[in-house]
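First comes the structure, then the notes that go with it.
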């Protein structure tokens, strides 16, 4: 297959894409048209959403949801006895991913890592925006997650492996998409993209608005929606925005694979740290619109296989 530039680049690490928008999102100019879109369709009862994300009668607009999310999370951050979602991701989920990565680097005789990315378009067949809630349900609802997981499990049946999955919003439109990162004991380097192509096919089959053109990959595993690393690159420098998190949550400072560090950096509520740090540039608004969706969502935006250690 031909390569499609992904947001994690050729090294399934933390490279920046050269595209104006991420795969499956519309052009940047179109993305600005969604501010007045409701967070969820009118068919969703408001009691299914956090109270602050409704006006009592209907869900807030995307832009109002973003503003409310930022205010409520700031209040939680500054109020004794309350824990913000940023702090939960920073102090619990982020270090869990990195500790698991270190564990499997030492546990497996010859580690291979792989990443599978699932996307969908936020635009329907009529050219209209889907609400963020609808996109989230399309990505996670029904039997999609189980079908993808079971397809990968079947193909990897001869290997010992574990995985974690993180859903994150795109920077261009706040569209939820999921990265699934695998640690595989693969002493003979037998794992290839073929071990994940069936799982990707299940996503394309069962996820509405998921298209092949947004899930291209190199068959040698070097880039795109499926990547495979027989010798995973090790991170020697942590991006500035993650330095404080790493210092406060990790004392061992054992290096991580680039893919795991990238995956941990994608947690939806981490951009709050940059937003409230006056010395850093504010993240794109779309990330906070996506984080508001994560707050509203009844779906798990972080999942892990049974063998991934807890902190």
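A Cβ distance below 6 Å, combined with a sequence gap of six or more or placement on separate chains, defines the contacts here; from the range 154-174, residues that are at negative phi and assigned to a helix (DSSP H, G or I) reach residues that are modelled with pLDDT of 95 or more and buried (at least 23 other Cβ atoms within 10 Å of the Cβ) in the pairs 155/195.
When residue 164 is tested against (1) surrounded by fewer than 21 Cβ atoms within 10 Å (Cβ to Cβ); (2) closer than 29 Å to residue 272 by Cα; (3) at pLDDT 95 or above, exactly one condition is not met: (1).
Residue count for the range 184-228 satisfying the condition of being assigned to a loop (DSSP other than H, G, I, E, B) and under 23 Å from residue 160 (Cα atoms): 13.
None of 292, 304 is in contact with a helix residue (DSSP H, G or I) (Cβ under 9 Å, 6 or more places away or on another chain), at pLDDT 80 or above and buried (at least 20 other Cβ atoms within 10 Å of the Cβ) except 292. Among the residues making up the range 4-27, those that are exposed (fewer than 13 other Cβ atoms within 10 Å of the Cβ) and either modelled with pLDDT under 85 or not in a loop (DSSP other than H, G, I, E, B) (or both) are 16, 18, 20.
Counting only residues that are surrounded by 18 or more Cβ atoms within 10 Å (Cβ to Cβ) and closer than 28 Å to residue 182 by Cβ, the range 262-284 holds 11 of them. Of all the criteria given as (1) surrounded by fewer than 21 Cβ atoms within 10 Å (Cβ to Cβ); (2) not in a helix (DSSP H, G or I), the one not satisfied by residue 91 is (2). Figure legend. Inter-residue proximity from the range 82-102: first residues on the phi > 0 side of the Ramachandran plot, second residues modelled with pLDDT of 90 or more and buried (at least 20 other Cβ atoms within 10 Å of the Cβ), beta-carbon distance below 7 Å, spacing 6+ or different chains. No pairs are indicated. Is it the case that residue 252 is in a loop (DSSP other than H, G, I, E, B), surrounded by fewer than 19 Cβ atoms within 10 Å (Cβ to Cβ), touching a helix residue (DSSP H, G or I) at 6+ places or on another chain (Cβ under 9 Å) and at pLDDT below 95? Taking the combined requirement at face value, the residue satisfies it. Counting the residues of the range 106-138 that are touching a strand residue (DSSP E or B) at 6+ places or on another chain (Cβ under 7 Å) and not in a loop (DSSP other than H, G, I, E, B) gives 12.
When residue 231 is tested against (1) in contact with a helix residue (DSSP H, G or I) (Cβ under 8 Å, 6 or more places away or on another chain); (2) in a loop (DSSP other than H, G, I, E, B); (3) surrounded by fewer than 23 Cβ atoms within 10 Å (Cβ to Cβ); (4) modelled with pLDDT of 95 or more, exactly one condition is not met: (1). Taking the criterion of being under 24 Å from residue 297 (Cα atoms) and in contact with a helix residue (DSSP H, G or I) (Cβ under 7 Å, 6 or more places away or on another chain), the residues of the range 145-165 that qualify are 147, 148, 164.
Within the range 51-82, being part of a loop (DSSP other than H, G, I, E, B) and touching a helix residue (DSSP H, G or I) at 6+ places or on another chain (Cβ under 6 Å) holds for 60, 82. When residue 142 is tested against (1) surrounded by fewer than 22 Cβ atoms within 10 Å (Cβ to Cβ); (2) touching a helix residue (DSSP H, G or I) at 6+ places or on another chain (Cβ under 9 Å); (3) part of a helix (DSSP H, G or I), just one condition goes unmet, and that condition is (3).
The values are calculated or read from the model by the stated rules, or taken from the named source; none is laboratory data. Only a predicted model underlies this, so the values are computations on that prediction, with no experimental measurement involved. As a convention, Cβ positions derive from the backbone with ideal geometry for all residues, glycine included, and neighbour counts pool all protein chains shown.
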